[in-house]
């Protein structure tokens, strides 16, 4: 049986959700795969540290399907990707042998001591989620349906008294992406120069803003009615059935073709690091010794059966591409040419 240790108080609620019609095992019969368990009994655990935005997929779909397909056990720990990276570096997650991050900038600080490579395999994009019972819901709905121009969203988010939720840009990629999205919107729609600061306050990277929530709890706070709107990934909106406003490709950080434009948005976090906007991607690597279970998990994730789960969850499928050296051959076989 797949196990999962998740931060944030969402696990019970997530387990009660439906499987979204995923084609993967755990929600029905699994399709044949090269990763199907052999007759020989295997032992070991894939201990996966993963970004909180993957909590639904890993807990309800990927973890159970991996165990069914390979025979290895699954154990998950979720959190802000930056926090997980810091904990791995400090040996506070000594059992973690796989790391799934939104963006490679939380993996590269672990090189070369903990890993020397990572694989990019799926894409995402930003949306703005909103509570359908908010007093501002009619305005959000008008923008979502196209009855009002999308640029009105940013004026609406400036409204005094509107409760907006987002994550800490210092530890969570989504927090940075949300601010970069606002900066791109400010440029794209030729909005006033103080638009972003009116929405999120100043300094932009403040971790003490009343808008800051843990990614693992942000959606539940929104659904409970404590917020009018919140930052979200498209996949979270799809998996959790959130009401949301889709954003154009020029500002949603979801298209590789617009990478040069995205890079015009920057945010300097409190440690002095300057982050530039870039397409939203998922990266995976093995931490420490490449155990058979860890190799099997990464291989399964990149296989046709594994990647199908991401497609059903709303992710954009990318050709798995490795960066760095020392990628195990079993995993290299799943990479694009």
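Tabulated data for the structure shown
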quantity	calculated
Residue 337 vs. criteria in contact with a strand residue (DSSP E or B) (Cβ under 9 Å, 6 or more places away or on another chain) and modelled with pLDDT under 95	yes
Hits in the range 53-71 (condition: in contact with a strand residue (DSSP E or B) (Cβ under 7 Å, 6 or more places away or on another chain) and under 23 Å from residue 168 (Cβ atoms))	53, 54, 55, 58, 59
Residue within the range 316-326 that is part of a strand (DSSP E or B), on the phi > 0 side of the Ramachandran plot and surrounded by 14 or more Cβ atoms within 10 Å (Cβ to Cβ) present	yes
Hits in the range 72-103 (condition: crowded, with 19+ Cβ neighbours inside 10 Å, touching a strand residue (DSSP E or B) at 6+ places or on another chain (Cβ under 8 Å) and part of a helix (DSSP H, G or I))	81, 84, 85, 88
The one condition in (1) outside the structural domain of residue 244 (by TED's automatic domain parsing); (2) outside any helix (DSSP H, G or I) that residue 61 fails to fulfil	(2)
Where residue 120 falls short, out of the listed (1) part of a helix (DSSP H, G or I); (2) modelled with pLDDT of 95 or more; (3) surrounded by fewer than 21 Cβ atoms within 10 Å (Cβ to Cβ); (4) under 16 Å from the mean Cα position of the chain (by Cα)	(1)
Residue within the range 77-100 that is assigned by TED's automatic domain parsing to the domain that holds residue 293, touching a residue at least 24 places away in the same chain (Cβ under 8 Å) and under 22 Å from residue 247 (Cβ atoms) present	yes
From the options 255, 266, 316, 323, residue that is farther than 25 Å from residue 167 by Cα and touching a residue at least 24 places away in the same chain (Cβ under 8 Å)	323
Subset of the range 269-290 (residues that are surrounded by fewer than 18 Cβ atoms within 10 Å (Cβ to Cβ), touching a residue at least 12 places away in the same chain (Cβ under 8 Å) and touching a strand residue (DSSP E or B) at 6+ places or on another chain (Cβ under 9 Å))	276
Subset of the range 133-145 that is within 27 Å of the chain's Cα centre (by Cα) and surrounded by fewer than 12 Cβ atoms within 10 Å (Cβ to Cβ) - its residue that is nearest to residue 192 (Cα to Cα)	145
Number of positions in the range 175-194 that are under 17 Å from residue 159 (Cα atoms) and surrounded by fewer than 20 Cβ atoms within 10 Å (Cβ to Cβ)	4
Boolean, residue 80 is within 12 Å of the chain's Cα centre (by Cα) and under 23 Å from residue 234 (Cβ atoms)	yes
Verdict on residue 192 being farther than 18 Å from residue 253 by Cα, out of contact with any strand residue (DSSP E or B) (no Cβ under 6 Å at 6 or more places or on another chain) and not in a helix (DSSP H, G or I)	yes
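The values are calculated or read from the model by the stated rules, or taken from the named source; none is laboratory data. Since the structure is predicted, the reported quantities are computational estimates derived from the model, not experimental observations. Note that each Cβ is placed from the backbone with ideal geometry, even for glycine, and that neighbours are counted across all protein chains shown.
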